[in-house]
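Taking it in order: structure first as structure tokens, then the write-up.
The numbers here are math on the coordinates, done by the rules we state, and not lab data. Quick caveat: nothing in here was measured; it's all calculated off a predicted structure. No Cβ is skipped: glycine too gets one built from the backbone with ideal geometry, and neighbour counts run over all protein chains shown.
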Amino acid sequence: MKIVIVRRISQVFFFLLFIWFCFVLVLGDRWYQLRGWPVNWFLELDPLVAIGTVLTSGQLYGGLLWAVVTLVLTVFLGRVFCGWVCPFGTMHQFLGWVFHRNKRAPEKAELNKYRPAQAIKYYILAAMIGAAGTGLVYQITSYLGSRKWGWITIATVIVICVGLLVAYRFRVLPSFLKRRYIMWGLGFAVAVGVLSAIVGRRLWGDGLLLTGILDPIPLVYRSVTLFVLGIGEGLTQMERYYVGAWLIGTFFIAALLLNAIAPRFYCRFICPLGALFGLLVRWTPWRIGKTQARCSQCGLCQKDCEGASDPHGRFRVSECVMCMNCLHVCPRDLIKYGPDRSASGEFNTPKIDRRGFIITLGAGVLSVPALRLTGLTGPNWSPRVIRPPGALAEAEFLKRCIKCGQCMKICPSNIIQPALLEAGVEGIWTPILNFRIGTSGCQLNCVACSNVCPTGALRPLTVEEKLGRGKFASRGPVKLGTASVDHGRCLPWAKDTPCIVCQEVCPVTPKAIYVREVYRELRDGVCHVVQATNTEIVVDGPQLTPGKLGSGDYAVRLLDGPDQRHRMIINNTANVIMISPLDGWDVPPRKNTRVAIELRLQLPYVDPNLCIGCGMCEHECPVSGLRAIRVTAENESREKRHALTF
Amino acid sequence: MNQHNQHRRSSNDHSYQVDLEVLKRRDFLKRLIKAVLVSGVIAGGAKWLYRGSALSNQEPKRVEAGLPDFSVSEVGRRIAIVTGGDRAKTVTRAIEALGGIDKFIKKGDRVVIKVNAAFATPPSIGATTHPDLLKAVIKLCYQAGAESVVVTDNPINDPPTCFQFTGIAQAAEETGARVVLPRPEYFELVTLPGAKLIRNWPVLVGPLKNATKLIGIAPVKDHHRSGASMIMKNWYGLLGGRRNMFHQDIHTIITELAMMVKPTLVILDGTFSMITNGPTGGSLDDLKQTNTMIVSTDQVAADAVGATLLGRPLSALPFITRAAAAGVGTADYESLNPIRDSVS
């Protein structure tokens, strides 16, 4: 079997496996539900996830150890992940074929030749790595800056470099000490010195993980699980909503349509994961190459080159996605895969401008303090950002969340939603809870999201820990926020209408929502007795709606005399009010006694010490527009600074 | 020769001009016909689509029939109260006391069991129909020759999770019953004659469509708004739409639900009663062991017995007296000569 066929089988296999993992990401124990499927496997294989989270958090979490397999394979074999495994790459390759299949060979060769813009992906990677590494930069520079010997060292290096420059000017240096080495040393020392002076824990202390925005694996996961399966309601038989899914879908479809410009456009020009691989393949022992430099330049090898890596000429190792299309097409059989370097020369490293790379890396580093100036992880934290249970404190959360959407897909209630700008630009597509959408609030006994998170941005919880039972009893339950009653909108509070659905559905025991009973005189509800028995009074005043007061919520009370107790009304006509014979007056009220018709209302209150912010109340509140009880992030367990109570 | 030539040329010119004229005219006519056709389509389409009045914002008057009557008339109003801690035993004994399951379920019956699966909580919490009880009832139905048993509810929490976490789905699967989750197409607008609230309201009719028998199974629970949640309140789970609005007039909606649903049998599980924090509960402290199983053909009587387990007077539960007044059943359950027994 030709190697190209094997590669295609591999691609189809991993693509179908990926689609299957997206499909089974549904809570349940059937074979077509989550059960034990390793639904995160592609994310775990993705070394950009692993390296990004290691840079920001200093920890290689859980299943991300799989990335080592990918990295080692790449170092030895080249970008096999891109050409053989990546489901997004497979989509691009297929669409590239669809868009360009009718073109003639020379046109295809032209499409697939290397373009300098392919360097852009390396700059994107640099910016992302820079942002992730800000915390590290802070740690190193603040360490130097906070110590006397650190400053002495920096100053000494600067003085030595300046001295060497002077010496260089007078040509008294040995020839191996080139001027640019001295300039590099000087620039580095000055940069470290400046940073040491300006960095601070508040804005620079924590890196930001932004890789997920363009990292192909999280991108394709969220696009398929939220957007494709979201609109495919007939297939999934699930009614899902995802806020801003149009944006996720637009990114996805745009990325796919870019193949009309050139095959694997995303892989060649944008993909930061491909860029990471491109930097790693410089030493691959086995590679594609020509066995002799001169050939007829027929272009057949270039015709289907997926990576645009110029196999016909000076071969670009970093761009080759190991599609192997060039292997069998050479009429003179000059292209081989093996231990030899290409006879027509190679570029072992990507063609990137070192200055551009350093500038984008620096811009990435600087983006973090710039974004943090908004104060979203500080005093300007957004109460609308209610994170799923198990979420770490915001800065730690943003160090790990790759915006893959796994928690949003698994949530059986469909309340975990991709953020737009609620959590800042840096928080786009991170999970926030929306209690208006979905089938309920956050269900007490469900810990699915925290256990599916591939990076530990959501810490895996047990039901015991979430509920604060057993050995977690002293810590109490995980709180997502606190509910507050909007007194201007609440039916019993503001609109003389009984309700307390919120109290009913509050799942905490004892209930975090409790009621205080009040009797409120109806509008125009005071009248006079015209005639009375022990259980019936005829009153004057405006006509009553027959039967309305018999609902069990209305009471009548005499305003004169010793017995002013409330008595429940069991029925009424336009001017007669009836009460239960079991509850009648001892003496019929006298004529002209003032009578109040009152409504018994239960007014809901929230106990902030008990409320866990699950949002059941907000979800069920019958004031269906802007809910009359709403959860905000105050008192969330993950940020002690947001506490409401002691 | 010259003249001849000229003549030929002019005649040529002439025929050329004639051809051109014909072609021009033909082309013009073609365009004219097409333009007329297009105009006709536009005018016809406009006429077809034209409605003078603006769309009314009121919901369409789509009044569907109510629910079928599932009651078994020859049994009449009966109630059995059996004490004991084992749900399977007490329910079996209680049904026997009413004449046996064969009185209610005949061979070939398609049975629907309306459970309380409102919350995604484990059975021990007592907020939902207990799976042991459900299993016993499903087995009895199949013993009596039922063709199929369907278990359904429209819960408050996420439906699939509710059926899973409550153990109801597993109980149904083990005993060969089918769980029907509420899907939008199962809801139909229902109007209860003379009702104030159930008018053009979506009701979970789908699972009941082909059914011949209906059994309601609910636990005894505290409920702050209505006083208690038992058999009649459990029919709330047949409602769709934004049903929470009905809390504004809770006793009326419960009364109307009891009027709308005419079950074959109701089973009120007071093995444990949720005394506080209802209807969600969440802790064993909210439960009290009351060791009572109530099986009845009269849902009002069943709830009246349940009220005694909660220690609530009828005056605190207006929906019971109102349902009795509406003719659904009797609140004075002693008048039905309840069959009392005990199994250990």
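Among A:T455, A:G58, A:Y181, pick out the residue whose Cα is farthest towards the positive end of the charge dipole of chain A, where Lys and Arg carry +1 and Asp and Glu carry -1 on C-beta, about the Cα centre.
My answer, from the dipole projection, is A:Y181.
Across the residues of A:491-503, average count of Cβ atoms on other protein chains within 10 Å?
Details: counts 3, 2, 0, 0, 1, 0, 4, 5, 7, 4, 9, 2, 5.
Going residue by residue through A:491-503 and averaging, the value is 3.
Be a star and scan the stretch A:126-159 for residues whose amide nitrogen sits under 18 Å from the point 7 Å along the Cα-to-Cβ vector of A:I359.
Correct set: A:126-131.
Counting pairs of alpha carbon atoms under 8 Å apart in space and at least six apart in sequence, what relative contact order in percent does the stretch A:246-404 give?
Computed over the stretch A:246-404, the figure is 20 percent.
Counting helices only, and only those DSSP H runs with n ≥ 4, report the 222 nm mean residue ellipticity of chain A as the sum of -39,500 (n - 2.57) divided by its residues, in deg cm²/dmol to the nearest 500. The partial results should precede the final answer.
Working: 23 runs with 233 residues, N = 646.
After summing the helix terms and dividing by residue count, I get -10500 deg cm²/dmol.
From the residues A:L27, A:T74, A:F99, which one has its Cα farthest along the dipole of the stretch A:20-112 in the positive direction, the dipole being from +1 and -1 charges on Cβ of Lys/Arg and Asp/Glu about the Cα centre?
Farthest towards the positive end: A:F99.
What is the sum of charges, Lys and Arg at +1 and Asp and Glu at -1, for the other residues whose Cβ falls under 13 Å from the Cβ of A:H100? Don't skip to the answer; put the middle values down first.
Details: positive: A:R101, A:K103, A:R104, A:K108, A:R264, A:K303; negative: A:E107, A:E110, A:D304, A:E306.
Every neighbour counted, the sum reads +2.
Ranking A:T74, A:T291, A:T134 by Cβ neighbours within 10 Å, fewest first, what do you get? If you can, show how the numbers build up before the last one.
Working: A:T74 22, A:T291 16, A:T134 26.
Fewest-to-most Cβ neighbours within 10 Å comes out as A:T291, A:T74, A:T134.
Given a Förster radius of 35 Å and the C-beta distance between B:A316 and A:T645 as r, what FRET efficiency does 1/(1 + (r/R0)^6) yield to the nearest 0.05?
On the way: r = 34 Å, r/R0 = 0.96.
Calculated value: 0.55.
What shape does the stretch B:193-335 have by the C-alpha gyration tensor, where a ≥ b ≥ c are the square roots of the eigenvalues, rounded means a/c under 1.5, and otherwise prolate means a/b greater than b/c and oblate the rest? Can you show the working numbers first?
Values: a/c = 1.44, a/b = 1.35, b/c = 1.07.
Rounded shape, in that the Cα axes give a/c under 1.5.
Please identify every one of the trypsin sites (Lys or Arg not before Pro) in the stretch A:117-176 that sits in a loop by DSSP and has no more than 14 other beta carbons within 10 Å of its own beta carbon. Mind showing how you got there, number by number?
Working: sites: A:K121, A:R147, A:K148, A:R169, A:R171; in loops: A:R147, A:R171.
Within the stretch A:117-176, the qualifying trypsin sites (Lys or Arg not before Pro) (loop, at most 14 other Cβ atoms within 10 Å) are A:R147, A:R171.
How far is it, in nm, from the label point at A:I140 to the one at A:R171 when both lie 7 Å from their Cα along the line to the Cβ?
Simple spin-label model gives 3.7 nm for this pair.
Of B:K221, B:K107, B:K213, which has the largest mean-square fluctuation in a 10 Å C-alpha GNM of chain B?
Maximum among the listed residues: B:K107.
May I ask for the Kirkwood hydrodynamic radius of the stretch A:546-646, worked out over all distinct Cα pairs and given in angstroms to one decimal?
On the way: mean 1/r = 0.0571 Å⁻¹.
Kirkwood radius, the stretch A:546-646: 17.5 Å.
Can you give the Rg to Rh ratio of the stretch A:394-474, both from alpha-carbon atoms, with Rh computed by the Kirkwood formula? Could the numbers behind the result be given before it?
On the way: Rg = 13.1 Å, Rh = 13.3 Å.
Taking Rh as the inverse mean 1/r over Cα pairs, Rg/Rh reads 0.98.
Net charge within 15 Å of B:T166 by Cβ-Cβ distance, Lys/Arg positive one each and Asp/Glu negative one each, not counting B:T166 itself?
Numbers: positive: B:R87, B:K114, B:K135, B:K221; negative: A:D29, B:D132, B:D153, B:D158, B:E173, B:E174, B:D269.
Here the count lands on -3.
Shape call for the stretch B:289-344 from the C-alpha gyration tensor, a ≥ b ≥ c root eigenvalues: rounded (a/c under 1.5), prolate (a/b greater than b/c) or oblate?
Details: a/c = 2.58, a/b = 1.44, b/c = 1.79.
It is oblate, given that a/c is not under 1.5 and a/b is not larger than b/c.
For the stretch B:71-150 and the stretch A:33-52, compute the distance between their C-alpha centroids and round to whole Å.
Result: 46 Å between the Cα centres.
List the residues, sorted by chain then number, that are 5 or more residues from B:A228 or on another chain and whose placed amide H is less than 5 Å from its amide H.
Excluding prolines and chain starts, which carry no amide H, the hits are B:H223.
I need the phi-derived Karplus couplings for the stretch B:101-113: 6.51 cos²θ - 1.76 cosθ + 1.60, θ = phi - 60°, integer Hz, Gly and Pro marked x.
Taking θ as phi minus 60°, the curve returns 5, 4, 5, 9, 10, 9, 4, x, 5, 9, 9, 10, 10 Hz for the stretch B:101-113.
If you take all C-alpha pairs in the stretch A:135-211, what percent of them are over 14 Å apart? It would help to have the intermediate numbers written out before the result.
On the way: 1912 of 2926 pairs.
It works out to 65 percent of all Cα pairs.
Which of B:Q164, B:G311, A:T573 sits closest to the plus end of the dipole of the protein assembly as shown, meaning its Cα is farthest towards the positive end, when Lys and Arg get +1 and Asp and Glu get -1 on the C-beta?
B:Q164
For the stretch B:274-343 and the stretch A:99-160, what is the separation of their C-alpha centers, rounded to whole Å?
Centre-to-centre (Cα) distance: 72 Å.
Label A:N380 and A:T533 with points 7 Å out from Cα along Cα→Cβ: what is the distance between them in nm?
7.2
Over chain B, with a Gaussian network built from C-alpha contacts below 10 Å, which listed residue (B:L239, B:L284, B:L189) shows the highest mean-square fluctuation?
Ranking B:L239, B:L284, B:L189 by mean-square fluctuation puts B:L284 first.
Could you give me the ³J(HN,Hα) list for the stretch B:230-242, computed from phi with Karplus coefficients 6.51, -1.76, 1.60 and θ = phi - 60°, whole Hz, x at Gly and Pro?
Along the stretch B:230-242, the couplings run 9, 5, 5, 5, 5, 5, 3, x, 8, 7, x, x, 8 Hz.
According to the square roots a ≥ b ≥ c of the eigenvalues of the Cα gyration tensor, what is the shape class of the stretch A:1-114, taking rounded for a/c under 1.5, prolate for a/b larger than b/c otherwise, and oblate for the remainder?
Numbers: a/c = 2.39, a/b = 1.47, b/c = 1.62.
Judged from the Cα gyration tensor, the stretch A:1-114 comes out oblate (a/c at least 1.5, b/c at or above a/b).
Could you state the angle between the C-alpha long axis of helix A:120-145 and the longest principal axis of the C-alpha atoms of chain A, as a value from 0 to 90 degrees rounded to the nearest 10?
For helix A:120-145, the angle is close to 80 degrees.
If I fit a long axis through the Cα atoms of helix B:299-310 and take the longest principal axis of the Cα atoms of chain B, what angle between them do I get, 0 to 90°, rounded to 10?
The answer is roughly 60 degrees.
Given that compact globular proteins tend to follow 2.2 N^0.38 Å, what is the ratio of the alpha-carbon Rg of the protein assembly as shown to that value? Please report the intermediate quantities before stating the final value.
Details: Rg = 38.3 Å, N = 990, 2.2 N^0.38 = 30.3 Å.
So the protein assembly as shown has a normalised radius of gyration of 1.27.
How tilted is helix B:2-49 with respect to the longest principal axis of chain B? Cα atoms for both, answer in degrees (0 to 90, nearest 10).
20
Can you list the residues of the stretch A:289-317 with backbone N under 20 Å from a point 7 Å past the Cα of A:R104, pointing along Cα to Cβ?
A:296-305
Within chain B, which is the longest segment containing none of the GluC sites (Glu not before Pro) that sit in a DSSP loop and have at most 16 other Cβ atoms within 10 Å? Spell out each step's value before the answer.
Details: sites that count: B:E64, B:E74, B:E147.
It works out to B:148-344.
Just want the ordering: A:I416, A:I358, from fewest to most Cβ atoms lying within 10 Å of their own Cβ.
Details: A:I416 27, A:I358 14.
Listed from fewest to most nearby Cβ atoms, that is A:I358, A:I416.
By counting other Cβ atoms within 10 Å of each Cβ, how are A:F252, B:F104 ranked from fewest to most?
Ranked by crowding around the Cβ, least crowded first: A:F252, B:F104.
What pairs in A:K511/B:K213; A:K409/A:K466; A:K548/A:K591; B:K209/B:K288 have C-alpha atoms more than 30 Å from each other? Present the calculation step by step, with values, prior to reporting the outcome.
On the way: A:K511/B:K213 37 Å; A:K409/A:K466 20 Å; A:K548/A:K591 24 Å; B:K209/B:K288 37 Å.
Violating the 30 Å limit, Cα to Cα: A:K511/B:K213; B:K209/B:K288.
Expressed in nm to one decimal, what extension gain is obtained for the pair A:S10 and A:Q237 from 0.36 nm per residue of sequence separation less their Cα-Cα distance? Don't jump to the answer; show the numbers that get you there.
Numbers: separation 227, 0.36 × 227 = 81.72 nm, distance 2.98 nm.
Once the chain is fully extended between A:S10 and A:Q237, it gains 78.7 nm.
In nm, to one decimal, how far is the A:W149 label point from the A:A370 one, both placed 7 Å along Cα→Cβ?
Going from the A:W149 label point to the A:A370 one covers 3.7 nm.
So how strong a dipole does chain A carry about its Cα centre when Lys and Arg Cβ are +1 and Asp and Glu Cβ are -1, to the nearest 20 debye? Numbers along the way, then the final one.
Numbers: 72 positive and 43 negative charges, 736 e Å.
For chain A, the charge dipole is close to 3540 debye.
Spelling out what I want: for every residue of the stretch A:557-566, take phi, set θ = phi - 60°, compute 6.51 cos²θ - 1.76 cosθ + 1.60 (Karplus), and round to whole Hz; glycine and proline get x.
Result, rounded to whole Hz: 8, 7, 8, 10, x, x, 8, 10, 5, 6.
What net charge is computed for the residues neighbouring A:G58, neighbours being all others with C-beta under 12 Å from the C-beta of A:G58, Lys and Arg scored +1, Asp and Glu -1?
Working: positive: A:K399, A:R400; negative: A:D206, A:E396.
With Lys, Arg at +1 and Asp, Glu at -1, the neighbours total 0.
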